[in-house]
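Written below as structure tokens is the structure these notes are about.
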Amino acid sequence: MEDERKAELRRAFIRSRSAIAALTEELAVEAAKLGVAMKRRVAGWGLADSIVLSTSRDKGGRIVTGDPHFRELPEVVFV
């Protein structure tokens, strides 16, 4: 029960500091195209990575992450 409460507090914290973007058909198509290119460059690149990156580029945002797949990308703040 305590773990569930902690998880909910963390989720609420992240949600309060994040923008939620819908995955539109247009973004999904861009993510698929991006995924083809990125899989050639980054071992282990996945669909979720492509969705995050295409959404960030579409919205003009930055990605704050410690995921090594994103390490060399200009729109990333690597922590």
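Key figures
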item: The range 63-79, residues that are in a loop (DSSP other than H, G, I, E, B) and loosely packed, with under 12 Cβ neighbours inside 10 Å; result: Gly66, Arg71, Glu72, Pro74, Val79
item: Close pairs (9 angstrom Cβ cut-off, 6 or more residues apart or separate chains): on the phi < 0 side of the Ramachandran plot and surrounded by fewer than 18 Cβ atoms within 10 Å (Cβ to Cβ) in the range 29-52, among the aromatic types (Phe, Trp, Tyr) and part of a helix (DSSP H, G or I) anywhere; result: Val42/Phe70
item: Meets criteria (part of a loop (DSSP other than H, G, I, E, B) and not β-branched (Val, Ile, Thr)) for Leu53; result: no
item: Cross-chain or 6+ apart pairs with Cβ under 9 Å, the range 1-28 first and under 20 Å from Val64 (Cα atoms), then part of a helix (DSSP H, G or I) and among the charged types (D, E, K, R); result: Ala19/Lys59; Ala21/Asp58; Ala21/Lys59; Leu27/Asp58
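Read-outs: derived from the displayed coordinates by stated rules, not from any lab. Everything numeric here is computed off the predicted structure, so don't read it as measured data. Neighbour counts are summed over all protein chains in view; Cβ atoms, including those assigned to glycine, are modelled from backbone coordinates with ideal geometry.
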